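These notes concern the structure reproduced below.
The values are calculated or read from the model by the stated rules, or taken from the named source; none is laboratory data. Just so you know, these numbers come straight off a predicted model, no measurement behind them. Heads up, the Cβs are rebuilt from the backbone with ideal geometry, glycines too, and the neighbour counts pull from every protein chain shown. Areas reflect the complete protein model, heavy atoms only, side chains present, ligands, DNA and RNA absent. Shrake-Rupley method; radii C 1.70, N 1.55, O 1.52, S 1.80 Å.
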Amino acid sequence: MVEASYYRFDERDSAGRATRDRRLNTAGARLIRAAASGKLDVELEGFLQWGQASDTLSPASPSRGITASFLHADGGYSFPGRLRARVSVEYDRASGD
């Protein structure tokens, strides 16, 4: 199974409500091969976020660029038999502003 996603967050000041005026984009993808007896399985998922945000709530505050990422990987093997045992390795990495 393959999935793809995209989210846009656009925040602006309104009367009586100051914000950091964030404009963020997040794109992601996911690949899954489900666990099955006697087979290898995998799940890979990654996201990248980029955009701009003001340093403070002040309308005169300068904006700065934002970049962040996330990666998740999981691979495993399901042994055949009544026990239905599965061994797997997982890895996660996140970074950014």
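For the range 67-90, give me each residue that is of a type in the set (Lys, Arg), more than 29 Å from the chain's Cα centre (by Cα) and surrounded by 10 or more Cβ atoms within 10 Å (Cβ to Cβ). Please lay out each step first, then the result.
Going through the range 67-90, the residues of a type in the set (Lys, Arg) turn out to be 82, 84, 86.
From the residues that got through so far, the ones that are more than 29 Å from the chain's Cα centre (by Cα) too are 82, 84.
Once the filter is applied, which keeps residues that are of a type in the set (Lys, Arg), more than 29 Å from the chain's Cα centre (by Cα) and surrounded by 10 or more Cβ atoms within 10 Å (Cβ to Cβ), the range 67-90 yields only ARG84.
Looking at the range 56-80 only, could you name the residues that are small (Gly, Ala, Ser), over 30 Å from ALA15 (Cα atoms) and out of contact with any Ser or Thr (no Cβ under 8 Å at 6 or more places or on another chain)?
ALA73, the sole residue that qualifies.
Just name the residue that is farthest from ARG17 (Cα to Cα) out of those in the range 32-78 that are among the acidic types (Asp, Glu) and assigned to a strand (DSSP E or B).
ASP41
Among the residues of the range 1-22 satisfying the criterion of being closer than 14 Å to LEU57 by Cα and either in contact (Cβ under 8 Å) with a residue 60 or more places away in the chain or open to solvent by less than 90 Å² (accessible area, probe 1.4 Å) (or both), which is farthest from the chain's Cα centre (by Cα)? Explain how you work it out, then say what you get.
So the first thing to find is which residues in the range 1-22 are closer than 14 Å to LEU57 by Cα, and the list is 11-22.
Now narrow it down to the ones that are either in contact (Cβ under 8 Å) with a residue 60 or more places away in the chain or open to solvent by less than 90 Å² (accessible area, probe 1.4 Å) (or both): 11, 13-14, 18-19, 21-22.
Working: GLU11: 20, ASP13: 27, SER14: 29, ALA18: 27, THR19: 24, ASP21: 22, ARG22: 18 Å.
Looking at the filtered set, the residue picked out is SER14.
Take the residues in the range 5-23 that are modelled with pLDDT of 90 or more and not acidic (Asp, Glu); name whichever of them is farthest from GLY51 (Cα to Cα).
Going through the qualifying residues, I end up with SER5.
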